[in-house]
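Note sheet for the following structure.
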Amino acid sequence: MRFLDACRRKRTDRVPVWFMRQAGRYMPEYRKLRQKWSILQLAKTPELACEVTLQPIDAFPVDAAILFADILLPLEPMGAKLRFAPGPVIDNPVRAAKDVARLRDFDPDEGLGYVAESVRLIRRELDGKVPLIGFAGAPFTLCSYLIEGGPSDDFRTTKAFMAEQPQAWDKLMRLVRQITADYLWMQVRAGAQALQLFDSWIGALTPEQYRRHVQPHSRFVLESLRGSGVPVISFGTGTGGFLEDFASAGGDVIGVDWRVDLDAAWKRIGRKAIQGNLDPILLLGDRKPLKEAVADVLRRSGGKPGYVFNLGHGILPPTPVDNVKAVVDWVHAWRPS
Ligand code: CP3
């Protein structure tokens, strides 16, 4: 299958393409389900999670499916009070060592068994059509939600925590990294054929903060999955200032955002596959600049084995469905000259 082959740096007939957040609010089919069900209900009901996962597969000839879930789901069985209002809110954020001590380790088959059930159901329904990607949040991004209590512009509470309470930070990251590794292993046992670790907000850090407070923990997760037999994509945004360090933490495929040139980024990453990096904002606009930008990204891939076309970050809710379809077709029609 061309997506899995590209992850393993094997030559493929066409460039494989999928989109981060390809199931979601930009699709009318998703919005219709959301009128009836909350995001947590969708994620916790395997039949509904399966239906949402398949919506983009039925609409576009993308080369991979991504499990419908959310990176924040593991926070609940850890003891966080998570709700979506509509953005995520954690009512009992972690602010001190005593809050870390109250968090629980858990068996993912018990705390997140519904995700395993979704994976099994989706695999059955996909019936080999395209591979299924499982995923989790990377330790930094996950802990930033735990500490901030929701999204943040500047991560000031998280940065203060890591700098001023380094022992509590270390304890928190060790707990989260173990849960994340166990959770991803559970997804592989259930049938996930590739994994993506989302470090969506890692670019907020200085290179030194990343190396000192985060990289060992991301490395733990990525290393622990080596024996799983499935390719692992390590995705981060804003990693341009420390891309070599980010790539050296592990992963078979490095996901990069639009703030770097794909060819220059690939040189810095070295002997790994690369995924990215169209600016998702371009999907909101006119076809001509969109097509030119897609062509530019493809040209920078050089037609080399080990490239997966994607956006630099997730699809935005106002994205026209027709633009998504057009991009898939352009990518599949492309041949290196
Ligand atoms: O196709 C897919 O990728 C769907 C599965 C998926 C969701 N969330 C469903 C979702 C995935 C892979 C995620 C990952 C996720 N969740 C990330 C990392 C990816 C990224 O974009 O950086 C992050 C940071 C989250 C946390 C999260 N979940 C936020 C900040 C929000 C609210 C903002 C938003 O994007 O709506 C969510 C809710 C969420 N998760 C939605 C979906 C489809 C929207 C919920 C809705 O229908 O209202």
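What follows draws every value from the coordinates through simple rules; no lab data is involved. Bear in mind that the values here come from a model prediction, so they are computed numbers and not experimental data. Virtual Cβ from ideal backbone geometry, glycine too; neighbours counted across all protein chains shown.
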Which of VAL100, PRO139, PHE246, positive extreme of dipole for segment 2-333 (C-beta unit charges) = PHE246
Measuring from its Cα centre, segment 104-191 shows a charge dipole (+1 at each Lys and Arg Cβ, -1 at each Asp and Glu Cβ) which, in debye to the nearest 20, is 220 debye
Using a simple charge model, +1 on the beta-carbon of Lys and Arg, -1 on the beta-carbon of Asp and Glu, nothing else, what dipole does segment 195-337 show about its Cα centre, in debye to the nearest 20?
-> 340 debye
Would you work out which of ALA190, VAL327, ALA80 lies farthest towards the positive end of the dipole of the chain? Charges go on Cβ: Lys and Arg +1, Asp and Glu -1.
-> VAL327
Note, segment 67-83: 3J(HN,Hα) by Karplus (6.51, -1.76, 1.60, θ = phi - 60°), whole Hz, Gly/Pro = x, goes 3, 7, 6, 8, 4, 8, 4, x, 5, 4, x, 6, x, 7, 8, 9, 9
Top mean-square fluctuation among ASP107, ASP58, ASP261, Gaussian network model of the chain, C-alpha springs under 10 Å?
-> ASP58
Give the long-range amide H neighbours of ILE66: residues separated by 5 or more places, or on another chain, with amide H under 5 Å away, using H modelled in the peptide plane at 1.01 Å from N.
-> ILE133
Could you tell me the distance between the Cα centroids of segment 244-294 and segment 159-231, to the nearest Å?
-> 21 Å
Please report, in Å, the Rg and the Dmax of segment 2-333, where both are computed over Cα atoms only.
-> 18.8, 56
For SER228 and ARG83, compute 0.36 nm times the residue count separating them, minus their Cα-Cα distance, and round to one decimal in nm.
-> 49.0 nm
Run the dipole for the chain about the Cα centre, Lys and Arg Cβ at +1, Asp and Glu Cβ at -1, nothing else charged, and hand back the magnitude in debye, nearest 20.
-> 520 debye
Taking +1 at the Cβ of each Lys and Arg and -1 at the Cβ of each Asp and Glu, which of ILE90, PRO231, TYR114 sits farthest along the dipole of segment 2-333 towards its positive end, judged by Cα position relative to the Cα centre?
-> PRO231
Rounded Å value of the spacing that divides the Cα centres of segment 6-77 and segment 81-96 = 23 Å
Pairwise FRET efficiency - ALA295 versus GLN178, Cβ, R0 = 45 Å, nearest 0.05 = 0.55
Alpha-carbon Debye profile of segment 161-237, log10 I(q)/I(0) at 0.17, 0.19, 0.20, 0.27 Å⁻¹ = -0.69, -0.83, -0.90, -1.33
Rounded to a whole number, what is D in µm²/s for segment 8-132 from Stokes-Einstein with the Kirkwood radius over alpha-carbon pairs (37 °C, 0.692 mPa s)?
-> 201 µm²/s
On full extension of the chain, what length is gained from ALA97 through SER248, given 0.36 nm per residue of separation minus the C-alpha to C-alpha distance?
-> 51.3 nm
